[in-house]
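Chemist: First the structure, then my questions, so here it is.
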Amino acid sequence: LSAVVLVAEAAVAQMNLSSLEMKPVNMDLDQETYASINHPVKHFSSALKRAEEIAGGKLITRGEAHLTILTPPEYMKLNAKFRKQLLHEVQHLDWSKSPIKPVCIGHAKTDLNGKSESAFYVVVEADAIVKIREKYHLGEFYPHITLGYTKRDLHIEDGVKKDLSSCVVKFEQP
């Protein structure tokens, strides 16, 4: 994919991320509960295509691209009262004052049960979410929008960091 497509997609993604009504959702997937903000995957189609080229094949997606708020282990660790408060705060953020900025396509790899597994995502700057998470002492967090993975999404508990050091394709900011 050309850099021009990725630059254009970064601009569209940023515009859409800042203008979308950002509502955290709780979902069940393989009996894991987590909190995320889901976006139409069409806003990230070029990034997903590029990630699949790097992966050498089709990635598993949930039919959307999601900004992780709470990972499954964090969701289970945080008591219901604090979880509800945290989600309420995220739901009521003023996204025009707290924009989410796409930085790059990231790639995380780890061995699960003796097999190499990967996850691809868009590393983002999301200071407002980081600050809210810090308030609840949730520990390390690297804001990202998950695009797809080979077996399952990978988290910090799997030994991966979805930060700038994992970038494989940087977005040029328009």
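Chemist: Just list whichever of Lys101/Lys151; Lys84/Lys115; Lys42/Lys109; Lys77/Lys151; Lys131/Lys162 have alpha carbons separated by over 29 Å in the model shown.
Modeler: Numbers: Lys101/Lys151 27 Å; Lys84/Lys115 36 Å; Lys42/Lys109 25 Å; Lys77/Lys151 24 Å; Lys131/Lys162 17 Å.
Going by Cα-Cα distance, Lys84/Lys115 fall outside the 29 Å limit.
Chemist: On to the next question. Taking a spot 7 Å from the Cα of Val168 along the direction of its beta carbon, which residues of the stretch 132-158 have an amide N less than 11 Å from it?
Modeler: Answer for this model: 148-150.
Chemist: Quick one: grab Rg to one decimal and Dmax as a whole number for the stretch 55-117, Cα atoms only, in Å.
Modeler: Expressed in Å, the Cα Rg and Dmax of the stretch 55-117 come to 16.1, 44.
Chemist: Could you report the accessible area of Tyr149 in Å², rounded to 10, computed with a 1.4 Å probe on the protein chains as they sit in the structure?
Modeler: Tyr149 has an accessible surface of roughly 20 Å² with all protein chains in place.
Chemist: Right, another one. Per the Cauchy relation, a quarter of the hull surface: what is the mean projected area of the convex hull of the alpha carbons in the stretch 24-174, in nm²? Before the final figure, lay out each step's value.
Modeler: Values: hull surface 36.3 nm².
Reported value for the Cα convex hull: 9.1 nm².
Chemist: In the stretch 133-167, which residues have a backbone nitrogen under 11 Å from the label point lying 7 Å from Asn113's Cα in the Cα-to-Cβ direction?
Modeler: 152
Chemist: For the stretch 93-174, with every protein chain kept in place, what is the accessible area per residue (1.4 Å probe, Å²)? Walk me through the intermediate numbers first.
Modeler: On the way: 4060 Å² over 82 residues.
Result: 49 Å² of accessible area for each residue.
Chemist: Further, regarding this structure: Give the Rg (one decimal place) followed by the Dmax (whole number) of the stretch 68-157, computed from C-alpha coordinates and expressed in Å.
Modeler: 14.3, 44
The values are calculated or read from the model by the stated rules, or taken from the named source; none is laboratory data. Treat the numbers as computed from the prediction; the structure is a model and nothing was measured. Positions of Cβ are backbone-derived with ideal geometry, glycine not excepted, and every protein chain shown enters the neighbour counts. Heads up: the accessible areas ignore ligands, DNA and RNA and are worked out on the full protein's heavy atoms, side chains in. Shrake-Rupley method; radii C 1.70, N 1.55, O 1.52, S 1.80 Å.
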